[in-house]
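The structure appears below as structure tokens.
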Amino acid sequence: MFDLIRPGQRLVTALGAVLLAVTAGCAQPYATPSAVIAEFHPDGTRSACVAISAPLVARIGAPVPVTAACSSDPDGGSLVYAWSLADAPAGSRLSLGNTDAVTPTLVPDTAGKFRLKLVVSNGVVASAPAFVDVAVGTCGGHSPAATLEASSANPHVGEMVSLSATVADEDTAADCGAHAATFDYAWSLADVPLGSQAALNGANLRAPSFSVDVAGRYTVRLVVTDPSGKASHPAELALDASPCGGNAPTVSVVTPTSTNLETGEVISLAASVTDSDTDASCAAHAATFRYDWAFTALPAGSRASLNDAALAEPSFVPDVAGAYALALTVTDPTGRSATATQILSVVAAPAGPSNPDPVCGASAPTAVGRVLWPGPVAVCGGRVVALNLEGTDAIELDANASSDRDNRECGMSQTLGYAWTLVTTPVTGGKSALESSDGPSTVLRVTRDGVYKVRLVVTDSSGLSSHELFCSVFAGNVGSRG
């Protein structure tokens with residue numbers, strides 16, 4: 001029986017037999033190296049050269065501790081390393097680093113399973129590939145989230161608004177601990193009302209603030225970034241500022257507190273000031289105002305002047321008959337102001353019965369009384385002056401502003417005498433009294449809360465006396481001298 005062998009087969013069989021004969025009696029010339037993936041410790045040590053058999057557990061953003069240092073070549077030759085990613089989760093953009101080093105750089109960028117491959121070579125023969133799976137959880141992959149708060153959701157104009165934020169980040173939880181709970185803040189005013197110049201006192205502060213300057217909607221925005229570089233979605237908070245606090249005061253027509261608009265008489269001035277910002281429903285600021293009085297025109301030849309242009313109720317003595325034009329500007333604590341004007345028509349004082357044609361030396365003095373303490377300074381006449389004694393019992397009265405036309409216009413040097421009289425007290429038979437009754441100033445000692453009325457008459461050295469002037473005060477919070 002003959003074998004059915006084709007001619008080409010005989011040659012292949014013969015060559016195989018020769019190769020078997022050559023290699024059967026001698027050793028293989030190059031050994032195959034072994035690729036081993038082991039755990040790597042940050043300090044460069046390892047417990048043992050044991051290949052990783054179970055999947056490694058890792059988190060996003062943290063390097064995976066693997067090394068090829070346990071790989072070997074049977075002949076003790078040096079090795080060349082070739083790392084690569086055999087598999088990665090969907091959405092990952094990870095780029096493996098140091099792929100030819102003993103320890104590669106593998107920092108997961110998303111949750112899921114990564115498969116790492118290692119091949120080593122001695123320059124001639126390459127090893128079989130070694131693989132390790134890396135299971136990456138969600139820890140380290142969360143972005144922070146911010147919730148905004150403000151000191152007032154409906155601030156008024158002029159109010160300082162303080163901002164704060166509560167930041168949540170699952171990567172800071174105890175069971176994760178991917179990074180510390182420290183964040184970078186980027187605040188901004190995303191929208192402000194038309195005409196507003198509002199600005200934050202610091203865009204990167206943890207709790208910045210800003211001042212409302214115009215009524216309308218203010219939108220605050222914050223982006224928070226964690227230590228790993230992950231930023232939150234922009235968080236926004238809308239604040240609706242009311243017109244409260246943005247109103248200017250209103251000044252009614254200036255009126256004199258006295259009706260005797262004659263030359264030589266003390267004319268006290270007053271004005272009614274209102275400001276809706278001081279209403280109970282607003283209370284944006286206290287009802288305190290700055291007063292600026294001024295004459296805008298005087299009769300020809302007049303040298304009249306106000307006793308104090310900054311008083312709420314100043315006074316003046318007209319010296320020439322005619323029109324006295326006044327202007328009052330009132331400014332509130334926010335700097336907003338209003339102005340009112342008034343013209344007062346003053347007539348000449350009638351001549352006395354014994355002196356139909358007045359001459360120098362025939363004019364009676366003019367009494368001007370003021371409440372000096374406790375402040376604010378107030379001019380006597382007409383209105384009751386309300387005082388808070390804050391536990392004391394003293395009210396200081398002064399008449400040094402009194403004058404005599406004979407001295408003022410004629411250059412005479414008549415001296416003035418003063419007569420103070422306590423006319424009315426809250427209690428009949430009380431112990432309230434004036435410390436002096438004949439000086440240019442005196443102190444009224446009071447015993448209880450209520451209205452006190454003091455009369456002042458000024459007499460010149462020729463014997464002529466002024467009209468009676470009354471200082472009426474309401475004393476509150478009176479203290480006792482014991």
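The values are calculated or read from the model by the stated rules, or taken from the named source; none is laboratory data. Everything numeric in this text was worked out from a predicted model, so none of it was measured. Ideal geometry is used to build each Cβ from the backbone, glycine not excepted, and the neighbour counts take in all protein chains shown.
Got at least one residue in the range 111-118 being at pLDDT 90 or above, touching a Leu at 6+ places or on another chain (Cβ under 8 Å) and loosely packed, with under 14 Cβ neighbours inside 10 Å? No, the range 111-118 has no match at all. Here Ala198, Ala231, Ala235, Ala178 are screened, and the one residue that is outside the structural domain of Pro74 (by TED's automatic domain parsing), touching a Lys or Arg at 6+ places or on another chain (Cβ under 9 Å) and modelled with pLDDT of 95 or more is Ala235.
For the range 82-108, a residue qualifies if it is crowded, with 18+ Cβ neighbours inside 10 Å and not small (Gly, Ala, Ser), and the qualifying residues are Trp83, Pro104, Leu106, Pro108. Thr392 satisfies every condition listed in (1) within 22 Å of Glu262 (Cβ to Cβ); (2) out of contact with any Lys or Arg (no Cβ under 8 Å at 6 or more places or on another chain); (3) assigned by TED's automatic domain parsing to the domain that holds Cys471 except (1). Close contacts from the range 447-471, counting a first residue that is within 24 Å of Asn260 (Cα to Cα) and a second that is modelled with pLDDT under 90 and among the charged types (D, E, K, R), with Cβ to Cβ under 6 Å and a gap of 6+ residues or different chains, come to Arg455/Glu468; Val457/Glu468; Asp460/Asp404. When you check Pro249 against the structure, is it modelled with pLDDT of 95 or more, under 30 Å from Leu306 (Cα atoms) and over 18 Å from the mean Cα position of the chain (by Cα), yes or no? In short, yes. No other residue among Ala241, Ala287, Ala271 is touching a Gly at 6+ places or on another chain (Cβ under 8 Å) and either outside the structural domain of Gly177 (by TED's automatic domain parsing) or farther than 30 Å from Ser345 by Cα (or both) apart from Ala241. Taking first residues from the range 108-119 that are in contact (Cβ under 8 Å) with a residue 12 or more places away in the chain and partners that are in a strand (DSSP E or B) and among the polar types (S, T, N, Q), the Cβ contacts under 9 Å between residues at least 6 apart in sequence or on separate chains come to Leu116/Ser84; Lys117/Ser84; Leu118/Ser84; Val119/Ser84. I'd like to check something: does the range 290-304 contain any residue that is more than 27 Å from Leu344 (Cα to Cα), in a loop (DSSP other than H, G, I, E, B) and at pLDDT 90 or above? So far as the range 290-304 goes, no, none of its residues is more than 27 Å from Leu344 (Cα to Cα), in a loop (DSSP other than H, G, I, E, B) and at pLDDT 90 or above. You will find that of Ser92, Ser72, the residue that is at pLDDT below 95 and within 53 Å of the chain's Cα centre (by Cα) is Ser92 and no other.
Taking each residue of the range 151-163 that is within 14 Å of Ala283 (Cβ to Cβ) and touching a residue at least 12 places away in the same chain (Cβ under 8 Å) and looking for partners that are assigned to a strand (DSSP E or B) and of a type outside the set (Ser, Thr, Tyr) with beta-carbon atoms closer than 7 Å, six or more apart or interchain, yields Ser152/Val161; Asn154/Asp240; Pro155/Val161; Pro155/Leu239; Pro155/Ala241; His156/Ala241; Val157/Ala241. Put simply, of Thr442, Thr428, Thr415, Thr421 the only residue that is surrounded by 14 or more Cβ atoms within 10 Å (Cβ to Cβ) and among the β-branched types (Val, Ile, Thr) is Thr442.
Before we move on, is Val427 without any contact (Cβ under 8 Å) to a residue 24 or more places away in the chain, of a type in the set (A, V, I, L, M) and farther than 18 Å from Asn307 by Cβ?
yes
Report yes if Val102 is in a loop (DSSP other than H, G, I, E, B) and either of a type in the set (S, T, N, Q) or at pLDDT 90 or above (or both), otherwise no. Considered against the rule, which asks whether it is in a loop (DSSP other than H, G, I, E, B) and either of a type in the set (S, T, N, Q) or at pLDDT 90 or above (or both), Val102 comes out as yes. Checking the stated criteria, Pro227 turns out not to satisfy the condition of being without any contact (Cβ under 8 Å) to a residue 60 or more places away in the chain and in contact with a Gly (Cβ under 7 Å, 6 or more places away or on another chain). For the range 318-350, a tally of residues being among the β-branched types (Val, Ile, Thr) and under 25 Å from Pro243 (Cα atoms) returns 5. Scanning the range 172-222 for residues that are crowded, with 17+ Cβ neighbours inside 10 Å and farther than 16 Å from Pro155 by Cα yields Thr172, Cys176, Ala178, His179, Phe183, Tyr185, Trp187, Leu222. Residue count for the range 256-290 under the criterion of being under 30 Å from Arg405 (Cβ atoms), buried (at least 19 other Cβ atoms within 10 Å of the Cβ) and of a type in the set (Ser, Thr, Tyr): the result is 2.
Tell me, which residue of the range 63-81 that is among the aliphatic types (A, V, I, L, M) and either assigned to a loop (DSSP other than H, G, I, E, B) or free of Cβ contacts under 8 Å to residues at least 60 places away in the same chain (or both) is surrounded by the fewest Cβ atoms within 10 Å (Cβ to Cβ)?
Filtering first and then ranking leaves Val80.
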